[in-house]
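Let me begin by presenting the structure, written as structure tokens, before commenting on it.
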Amino acid sequence: MKIRNFFYLATFLILLSSYVGVTVHDDDHKTLPIGSSAPNFSLPGVDGKTYTLSSFKNSPILAIVFTCNHCPTAQAYEERIIQLTKDYKKKGVAIVAISPNDPKSVNLNELGYTDLSDSYPEMKIRAKEKGYNFPYLYDGETQSVAKAYGPVATPHIFIFDKERKLSYQGRIDDMENPAKTPANHDARNAIEALLAAEKVPVTSTKVFGCSIKWAEKEEIVQKVYAKWATEPVNVEMIDEPGLKELLKNNSDKLRLINVWATWCGPCVAEFDDFITMNRMYRGRDFEFVSVSADDPVNKEKVMKFLKKQQASNTNYLFSVDDKYKLIEIIDPKWEGALPYTILVEPGGKIVYAKQGTIDPAMMKKKIVENHLIGRYY
């Protein structure tokens, strides 16, 4: 228990440092100074087109937002960026979003507020689901554009005048929570001033959000994986009363339960997806529990498989030979085929049940969009 708690603390500190953007950069990642010319770029968009700085030459104002899929702060601003585009498109303002993150530098434990990471294919999914009305460009391959502009965190907006001189850089507004009203609409104020040919009232602000996932952070990801490999793996026997108690879910967490067996091909094939989800969401009010339907005498075989999977979550082996009792306790609606997966809220309410293999993408969305989890801080 002490080893596991120490590991959780260590990974939490890594996660915290990755989520929170800071305003002091090293020499390689300096923020573009006010008055600077907009660095050129050539990046692929989620629509299959390639965009350059000249793609927006007919727009008197250009706003570039460095944002991403996974960051809770970035997600909190999605609707506001969409609305900003709607409000100013007819006035000639071009808004473009760029994802600066190297997907290989995004740790699984940084994905606790999302169902998608920051790869180019996942960007396409996010843009389609949210109905982005602005170009969404991928810079994760080389991060050359991010290095030229120097965003502190996601989201970070850079606004250029008609000569493409930087007139404002910083936050979009001062309220992360989309359910609350900002006191200062800094980006809007800058755009309005430029449209009116007036001086921008505030040219720079600090930026709160998730740190940029620079390529050099890949080493951190590998270290975390190495730590995960050292976590203890256990399996406990569970009887009928214990299983009933498990289903009551008297915890304060969303509980994902997967019933599986070592002899079940589909169970074995998809088990790695559950390990991934556990690593993504276990820092939230979430827990993954596996229940093996193997014969009780095969505990050693079950344990061998779980160790191979690095399944440091809670694992049980049903101690009763009569598997029909297992079926009735887990879910009377379950017909009996493995695997079987349920999502249980505190108090025992089953909000999702699936006989057969799950769709991992859909399962992640079910988890993160549950009221106990959510996409924002």
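The values are calculated or read from the model by the stated rules, or taken from the named source; none is laboratory data. Just so it is clear, the model here is predicted, and its values are computed rather than measured. Virtual Cβ from ideal backbone geometry, glycine too; neighbours counted across all protein chains shown. When the accessible area is computed, the model is the full protein with side chains, heavy atoms only, and any ligands, DNA or RNA have been set aside. Shrake-Rupley method; radii C 1.70, N 1.55, O 1.52, S 1.80 Å.
If you go through segment 340-366 and keep only what is part of a strand (DSSP E or B) and open to solvent by 60 Å² or more (accessible area, probe 1.4 Å), you end up with ILE350, LYS354, GLN355.
For VAL65, the conditions (1) at pLDDT 95 or above; (2) assigned to a helix (DSSP H, G or I); (3) under 26 Å from TYR113 (Cβ atoms) all hold with the exception of (2). Taking (1) part of a helix (DSSP H, G or I); (2) touching a strand residue (DSSP E or B) at 6+ places or on another chain (Cβ under 9 Å); (3) over 16 Å from THR341 (Cα atoms) in turn, LYS307 satisfies each apart from (2).
Among the residues of segment 280-295, the ones that are of a type outside the set (Lys, Arg) and open to solvent by 30 Å² or more (accessible area, probe 1.4 Å) come to 4 in all. Residues of segment 215-261 that are open to solvent by less than 50 Å² (accessible area, probe 1.4 Å) and in a strand (DSSP E or B): ILE238, LEU254, ARG255, LEU256, ILE257, ASN258, VAL259, TRP260. For segment 50-60, does any single residue satisfy the condition of being open to solvent by 20 Å² or more (accessible area, probe 1.4 Å), charged (D, E, K, R) and under 19 Å from ASP118 (Cβ atoms)? Taking every residue of segment 50-60 in turn, none turns out to be open to solvent by 20 Å² or more (accessible area, probe 1.4 Å), charged (D, E, K, R) and under 19 Å from ASP118 (Cβ atoms).
Pick from segment 273-301 the residues that are acidic (Asp, Glu) and part of a helix (DSSP H, G or I): which of them is nearest to LYS325 (Cα to Cα)? Out of the qualifying residues, it is GLU300. Screening TYR376 on (1) modelled with pLDDT under 95; (2) open to solvent by less than 10 Å² (accessible area, probe 1.4 Å) shows it passes everything except condition (2).
Considering segment 262-279, and only residues there that are open to solvent by 40 Å² or more (accessible area, probe 1.4 Å) and either polar (S, T, N, Q) or farther than 18 Å from ASN109 by Cα (or both), the residue that is nearest to the chain's Cα centre (by Cα) turns out to be ALA269.
What's the total number of residues in segment 311-339 that are charged (D, E, K, R), open to solvent by 30 Å² or more (accessible area, probe 1.4 Å) and either on the phi > 0 side of the Ramachandran plot or assigned to a loop (DSSP other than H, G, I, E, B) (or both)?
The qualifying residues number 4.
On the stretch given as segment 198-222, residues that are within 24 Å of GLN83 (Cβ to Cβ) and more than 30 Å from the chain's Cα centre (by Cα) total 5.
Taken over segment 47-62, the criterion of being in a helix (DSSP H, G or I) and touching a Leu at 6+ places or on another chain (Cβ under 7 Å) is satisfied by PHE56 alone. Scanning segment 336-374 for residues that are of a type in the set (Val, Ile, Thr) and more than 18 Å from GLU245 (Cα to Cα) yields THR357, ILE358, ILE367, VAL368, ILE373.
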